[in-house]
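Report on one structure; see the data block that follows.
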Amino acid sequence: MRRLIHMPYEFTSEEYSFIRELMLDENVRRSTLFAKVIIGIETVLAVVDLGASVSNIHGSFHFSFYFMMYMLMIILNIGVLIVAKRYEKWKGPVQQKIICYETLFVIYAVVFMLWGSIITLVDQRLYGQLMAFVVNVISLSVVFYFRNRLLLIPYILSTLVLFIGLPFYQTSTNVLIGHYVNISIFLFFSWVATRILYITFFESLYRKVLLSKSNERLQEEIEENKRVHRQLTSVNEELMRLSFVDELTGIPNRRALYQRIERLLLEEQELHNPVSLIMVDIDYFKPFNDNYGHVEGDRVIKAIGQEINMAVRHSTDLACRIGGEEFLFVACNTKENEIARLAENIRRRINEMAIRHEYSAINDYVSVSLGTATGIIKNSRQFTDLMRLSDESLYVAKSEGRNCVRSSPNLINPTL
């Protein structure tokens, strides 16, 4: 019994307001159909009553009173249809809508059940039945969902009118006592049935709210996981990028070089085209670093690295720093004479930078020595051999006065 009076759930005011709104939506939907049914029934009764009144079937039957009551019920339910139609167009606050329409439903329930009480009192003079009151109570109990406090308002008012009025219309004491007992028992079981229906529907709505909140939390977690995943992906991509970039110069490093070569060896279309290398070394860099300091030394390495990187012509070229003051330029699809011109162009542009170097044995400015080598490579060992040839060319350039370009006379034999 306590469960019928008090809801055994704990929820926030926001959740309760949401459930009330859902229940109100259901009541409005049901009221539209219910009102149409009542209008149809009352219209038929009004027509029958009007016909019986004209025919004067029964002299004691109050045709005009019943006709007036039928018309009242028709007008009441037309008003319900109008109010229900405006429900979807409500633009005010949700809480205000809930209070307004709950109040209107209570007023409708009070008038509807009072109507049944009055009809039942008038019926006592004819056949002493309680049918009108019983039908109206059952109709509201089954069709609409009311909170307990709201439900008691039409119950109490209509019952008081009926209980107070019965002695004035029912002259038989035995019938009167039977009516009181039957109405009391009926109202109790009707209230119990109404509360069971209400609680069942409330539970379904509450589970719906819980499921909705669970889905919202799950969606939030999914979105958060996606956000974290995007961040991790972005961080990993940045870390991956940084792992292939020389920190000082901002150009690719030795790891990037090896990755590029591995990819090159996997691309069959590149295997039949020559690959050329330029090994670059800054002339007399140690005296520069010792006399001007490491900060100036780093600035020179960075400037020269970026200048070499500017010589990249297309996506298959690669300029990278392979350590200290040494750089390597990889040029795919490039022959011996073409790589020699490219190396000379790099040397000239570095000279034009005019970075002061008073401790150079060959020049007043920073210069570089360059060695080139060309070959067709089919595996990593052949690439290593090509690097060795370019390094030997660099050694020749250094031994022949530096600040010059020397090319390897040897080519990597693709048949090896």
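Since every read-out is calculated from the coordinates, none of them should be taken as a lab result. Worth saying up front: this structure is predicted, and the values here are computed from it rather than measured. No Cβ is skipped: glycine too gets one built from the backbone with ideal geometry, and neighbour counts run over all protein chains shown.
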Item checked: Modelled FRET efficiency - R0 25 Å, Asn215 with Glu88, Cβ distances, 0.05 increments -> 0.50
Check: Over the Cα atoms of region 2-218, what Rg and Dmax result, in angstrom?
Finding: 20.0, 72
Next item on the list: Give the shape of region 269-416 as rounded, prolate or oblate, defined through the alpha-carbon gyration tensor: a ≥ b ≥ c are the square roots of its eigenvalues, a/c under 1.5 means rounded, and otherwise the shape is prolate if a/b is larger than b/c and oblate if not.
Entry: prolate
Check: Rounded to the nearest 500, what is the chain's calculated 222 nm mean residue ellipticity when only DSSP H runs of at least 4 contribute -39500 (n - 2.57) each, over all residues?
Finding: -24000 deg cm²/dmol
Note to self: Can you list residues from other chains, or at least 5 along the same chain, whose modelled amide H is less than 5 Å from the amide H of Tyr365?
What the structure shows: His357
Margin query: Apply the a/c threshold of 1.5 to the C-alpha gyration tensor of region 96-205 and tell me whether it is rounded, prolate or oblate.
Written below: prolate
Check: In percent, what relative contact order does region 2-218 have, based on Cα pairs under 8 Å that are 6 or more apart in sequence?
Finding: 26 percent
Margin query: Charges on Cβ only, +1 for Lys and Arg, -1 for Asp and Glu, centred on the Cα centroid of the chain; of Phe67, Tyr198, Gln219, which one is farthest towards the dipole's positive end?
Written below: Phe67
Check: What FRET efficiency would be calculated for the residue pair Ile98, Thr233, taking the C-beta separation as r and a Förster radius of 41 Å, to the nearest 0.05?
Finding: 0.35
Checklist line | Extension reserve of the Ser13-Ile164 stretch, reckoned as 0.36 nm per residue once the Cα distance is removed | finding: 50.4 nm
Notebook entry, point to check: What is the spin-label model distance, in nm, from Tyr395 to Ser172 if the labels are put 7 Å beyond Cα along the C-beta direction?
Noted result: 13.2 nm
Notebook entry, point to check: What list of ³J(HN,Hα) couplings, whole Hz, do you get for region 320-332 from phi and the Karplus terms 6.51, -1.76, 1.60, once you set θ to phi - 60° and write x for glycine and proline?
Noted result: 9, 9, 9, x, x, 9, 9, 10, 9, 10, 9, 10, 7
Notebook entry, point to check: Roughly speaking, what is the stretch gain from Met240 to Ile185, that is 0.36 nm per residue apart minus the C-alpha to C-alpha distance, in nm to one decimal?
Noted result: 11.8 nm
Notebook entry, point to check: Which FRET efficiency value, to the nearest 0.05, is calculated for Lys226 and Tyr359 with the Förster distance at 60 angstrom and r the Cβ-Cβ distance?
Noted result: 0.55
Notebook entry, point to check: For region 73-87 and region 130-145, what is the separation of their C-alpha centers, rounded to whole Å?
Noted result: 19 Å
Next item on the list: Report the label-to-label distance for Leu157 and Asn333 in nanometres (one decimal), using points 7 Å from each Cα along the Cα→Cβ vector.
Entry: 9.0 nm
Check: Out of these labelled values of mean projected area of the Cα convex hull in nm², [x] 19.9; [y] 38.6; [z] 26.8, which was calculated from the coordinates shown here?
Finding: [y]
Next item on the list: Calculate how many DSSP beta bridges within region 281-416 are antiparallel, expressed in % of all such bridges and rounded to the nearest 5.
Entry: 65 percent
Check: Relative contact order (percent) for region 99-254, with alpha-carbon contacts under 8 angstrom and 6 or more residues of separation?
Finding: 21 percent
Notebook entry, point to check: Full extension from Arg30 to Leu265: what is 0.36 nm times the residue separation minus their Cα-Cα distance, to one decimal in nm?
Noted result: 77.2 nm
Checklist line | Percentage relative contact order, the chain, counting C-alpha pairs under 8 Å, at least six apart | finding: 12 percent
Next item on the list: May I ask you to sort His179, His294 by Cβ crowding, counting other Cβ atoms within 10 Å and putting the fewest first?
Entry: His294, His179
Check: Which order do Leu33, Leu370 fall in if you start with the one that has the fewest other Cβ atoms within 10 Å?
Finding: Leu33, Leu370
Notebook entry, point to check: Taking neighbour Cβ counts within 10 Å as the exposure measure, how do Val295, Val245 sort from fewest upward?
Noted result: Val295, Val245
Next item on the list: Classify region 211-333 as rounded, prolate or oblate from the Cα gyration tensor: take a ≥ b ≥ c as the square roots of its eigenvalues, call it rounded if a/c is under 1.5, otherwise prolate when a/b beats b/c and oblate if not.
Entry: oblate
